[in-house]
Amino acid sequence: YNVKLPALRSFQIEGVTYFNQNDYYLSAEKNALGSASLYSISSKTLGVDLVELNRDNIFPNPVGDFLTIDVEVELEKAEVFDYLGKKVLVDNSGKKNLGVQHLNQGVYVLKLYYQGGSSSLKFIKE
């Protein structure tokens with residue numbers, strides 16, 4: 001597809017709106033006050049490759065003492081981060097049962113590492 005945008009030093013894309021099977025609208029703003037435009041994109045070949053959905057799961061959530069990690073691949077490492085982004089736990093065992101009894105109550109992010117990628121899941125510690 002071919003999109004003709006004006007020759008600007010910089011611009012910010014505000015949004016892309018689906019119109020129909022072949023047409024999209026792109027709203028962009030110049031790096032100046034009060035100057036925004038709407039552009040149309042038309043393509044019969046616009047698409048994406050097949051995307052595999054993340055099937056990772058954790059339970060129970062909220063969790064008390066032990067968090068069970070349900071993944072379809074071999075786990076290499078698990079890290080837990082608090083709401084400020086501080087790493088509070090690292091587990092290199094590859095086990096799918098993680099002890100979190102020492103964590104304070106709150107919201108955490110569990111980052112899972114496995115061959116070929118990683119994923120992040122949010123959980124609540126009671």
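Miscellaneous remarks
- In this structure the amide hydrogen of L89, modeled in the peptide plane, comes within under 5 Å of the amide hydrogens of V80, none closer than 5 places in sequence on its chain.
- In this structure, E72 and I124 have a Cβ-Cβ separation that, at R0 = 35 Å, corresponds to a calculated FRET efficiency of about 0.90.
- Here the 3J(HN,Hα) profile of the stretch 89-100, calculated from phi with Karplus coefficients 6.51, -1.76 and 1.60 at θ = phi - 60°, is 7, 10, 10, 9, 6, x, 6, 9, 10, 10, x, 10 Hz, Gly and Pro shown as x.
Readers should treat all values here as calculations from the given coordinates under stated rules, not as data from a laboratory. All values reported here derive from a predicted model rather than from experimental measurement. Positions of Cβ are backbone-derived with ideal geometry, glycine not excepted, and every protein chain shown enters the neighbour counts.
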